[in-house]
Amino acid sequence: MLKTVFLVLLSLVIAIGGGAASVWLMLEEAPPIGAVRAGPWTAYPSMGTREADPYSRARFAREGGIPLGRSEGIVFTAMRDSAGQSLSRSCTYRIEGPMPVARLWTLYAAAPGGALLPPLHRRQTALHSWRILRTPDNGFAITVSPHPAPGNWLALTGTGELRLVLTLFDTPATNGAEAQGLSLPEITRTGCDA
């Protein structure tokens, strides 16, 4: 009798513990399914649709995110520069290159967990396409740095790693097939604090 109770309890512990461990692994460690990559940028176009996997939906709900639907836009994030090095708040980066057609795009820096970095004094924490300084050929360059820079400057605060978040609103590149071939701006490290 005692042996049967012990085996039942052991089975329950293994089942519940294994189930909880697998859910934790999928929510914390496994990347979402359906990634689209364009250089250092990564997007998940199915995140706000019915095709999104249940683990991605649970991860997004737990983080408090609200995914964009396919007709609304697409969000790209970068945790590394174009050379493959992790982005750091103590470094300066230059973002330039082609930007896909979109009614509006925004760019901001966030902590690795996704929280917006605190502003530097009264400086805005994000840039957007309607207020960006452009070159005569309609191009642009953005400096992402903890130090002031002329032109388009996205200020960094604090220490540690960061992620850059680029959101394209009302763009034709909102499904996976069209997003796959996109050309997005390069992220080039120009220097770091000692």
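Might you check whether a residue that is among the acidic types (D, E), part of a loop (DSSP other than H, G, I, E, B) and free of Cβ contacts under 8 Å to residues at least 60 places away in the same chain occurs anywhere in region 68-75?
no
Within region 174-194, take every residue that is open to solvent by less than 70 Å² (accessible area, probe 1.4 Å) and under 13 Å from I74 (Cα atoms) and give me the one that is modelled with the highest pLDDT.
L184
Residues to consider are R89, R103, R70, R123; find the one that is touching an Asp or Glu at 6+ places or on another chain (Cβ under 6 Å) and charged (D, E, K, R).
R103
The values are calculated or read from the model by the stated rules, or taken from the named source; none is laboratory data. Model, not experiment: these values are computed from the prediction. Positions of Cβ are generated from backbone atoms using ideal geometry, with glycine treated the same way; all protein chains shown enter the neighbour counts. Surface accessibility is based on the protein's heavy atoms, side chains included, excluding ligands, DNA and RNA. Shrake-Rupley method; radii C 1.70, N 1.55, O 1.52, S 1.80 Å.
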